[in-house]
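Engineer: Just passing along the structure, written as structure tokens.
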Amino acid sequence: MSNTGTLPPPGEFKTTQEIRDAKYADELRRRRRRLLWWSLPVVLLAFLVALKLISAVVINAAGTSAYDNQNHNTAASRFEALEFVNVVEPWKPYFNSGTAIYASGDFFAATVPLTTALDLVPKDPPEAPRGEEECAVRTNYSLALEGLGDEAMIAEQPDMALDYYDQAQEMLDDCGEDGGSGGEEAQEAEERQQESHGEAEEQQQQQDQEQEQGPSDEEGEDYQDESDDPDHGEDTGDPEDGEEEHDQPNEEDSQGGGQEDDEPIDDQQRELEERNQDAEQSRQADEERDGGGDGSGQNW
């Protein structure tokens, strides 16, 4: 039986080692190809992660710049875009977005992302003090609740304001106390909220007293007093006249020096009247002696 089919063609004779090396090289190429296809998803995932990290840095910088320039609505929208990009610290986009919305003055809307941030922020064990990151979220959340309480006070709704102030102080629990992780800002917020809570209680007490007294009854009583007053409408000028009469002796006292200064004036008038009487008597006696007069009766 001929075995010429197993031999290589003329001019292509290879040794056993060369044949083994060629087979090994083919096997390596196939392995590399398989590894490339297997690693392609990992490479793509790594590329996407890198792209997310880079875009997160860029968007966060843009949001921070807008916030520093007090463009709070723009900053909030840019931070919201990071909610699906930041996979390393997922709580931060919600925290930054809620903070920007709070700075714009929309306190109620700010509580929505801050609630999510509080759920996602890393927390220490219950027996340990609250961490700095958690206290940062709680502080801004507390400020938003305080803003809602201030709005309720402006609207003269102290009962609602008390509820918001209570929630704000509970939010700062273990963060606003001395030595807490919230820092000076949390301590100042806690003190301010306690003062606002006291003002809300005072306003609530005033409203309760007004409701108990009844404003309609008070108005009716005032109207009845005015209508039943017999002198109502007739004494409009009496106080002024009375004041003038009361003030007149004071003016005379200030000008003349009091009763002691008035006595010499009265003596002079009395002496002058006596002289007139004496002169009149002497004139009448002269007329009687002379036999009449002109009858005018005028003093000199």
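The values are calculated or read from the model by the stated rules, or taken from the named source; none is laboratory data. Computed from a predicted structure; not experimentally measured. Glycine also receives a Cβ, built like all others from the backbone with ideal geometry; neighbour counts cover every protein chain displayed.
Engineer: Could you run through the range 170-192 and say how many residues are part of a helix (DSSP H, G or I) and crowded, with 19+ Cβ neighbours inside 10 Å? Walk me through how you get there before you give the answer.
Structural biologist: Within the range 170-192, the subset part of a helix (DSSP H, G or I) is 170-171, 183-192.
Next, from what is left, pick out any that are crowded, with 19+ Cβ neighbours inside 10 Å: 171, 186, 189-190.
Number satisfying all stated conditions: 4.
Engineer: Looking at the range 50-65, which of the residues that are in contact (Cβ under 8 Å) with a residue 24 or more places away in the chain and of a type outside the set (S, T, N, Q) is surrounded by the fewest Cβ atoms within 10 Å (Cβ to Cβ)?
Structural biologist: If we take residues in the range 50-65 being in contact (Cβ under 8 Å) with a residue 24 or more places away in the chain and of a type outside the set (S, T, N, Q), then L53 is surrounded by the fewest Cβ atoms within 10 Å (Cβ to Cβ).
Engineer: Does A25 satisfy the criteria of being among the small types (G, A, S) and surrounded by fewer than 11 Cβ atoms within 10 Å (Cβ to Cβ)?
Structural biologist: Details: among the small types (G, A, S): yes; surrounded by fewer than 11 Cβ atoms within 10 Å (Cβ to Cβ): yes.
Here the answer is yes, as A25 does meet what is asked.
Engineer: Condition (residue is of a type in the set (F, W, Y), modelled with pLDDT of 80 or more and under 22 Å from C135 (Cβ atoms)) applied to the range 34-55: is it met by at least one residue?
Structural biologist: Scanning the range 34-55 turns up no residue that is of a type in the set (F, W, Y), modelled with pLDDT of 80 or more and under 22 Å from C135 (Cβ atoms).
Engineer: Right, something else. Scan the range 75-112 residue by residue and report those that are of a type outside the set (F, W, Y), over 12 Å from I59 (Cβ atoms) and either surrounded by fewer than 24 Cβ atoms within 10 Å (Cβ to Cβ) or over 21 Å from the mean Cα position of the chain (by Cα) (or both). Lay out the reasoning, then the answer.
Structural biologist: Going residue by residue through the range 75-112, those that are of a type outside the set (F, W, Y) are 75-78, 80-83, 85-90, 92-93, 96-101, 103-106, 109-112.
Checking the rest, the ones that are also over 12 Å from I59 (Cβ atoms) come to 76, 87-90, 98-101, 103-106, 109-112.
Answer for the range 75-112, where residues must be of a type outside the set (F, W, Y), over 12 Å from I59 (Cβ atoms) and either surrounded by fewer than 24 Cβ atoms within 10 Å (Cβ to Cβ) or over 21 Å from the mean Cα position of the chain (by Cα) (or both): V87, V88, E89, P90, A103, S104, G105, D106, A109, T111, V112.
Engineer: Same structure again: Which condition from (1) touching a residue at least 40 places away in the same chain (Cβ under 8 Å); (2) in contact with an Asp or Glu (Cβ under 9 Å, 6 or more places away or on another chain) is the one that E177 breaks?
Structural biologist: Among (1) touching a residue at least 40 places away in the same chain (Cβ under 8 Å); (2) in contact with an Asp or Glu (Cβ under 9 Å, 6 or more places away or on another chain), the lone unmet condition for E177 is (1).
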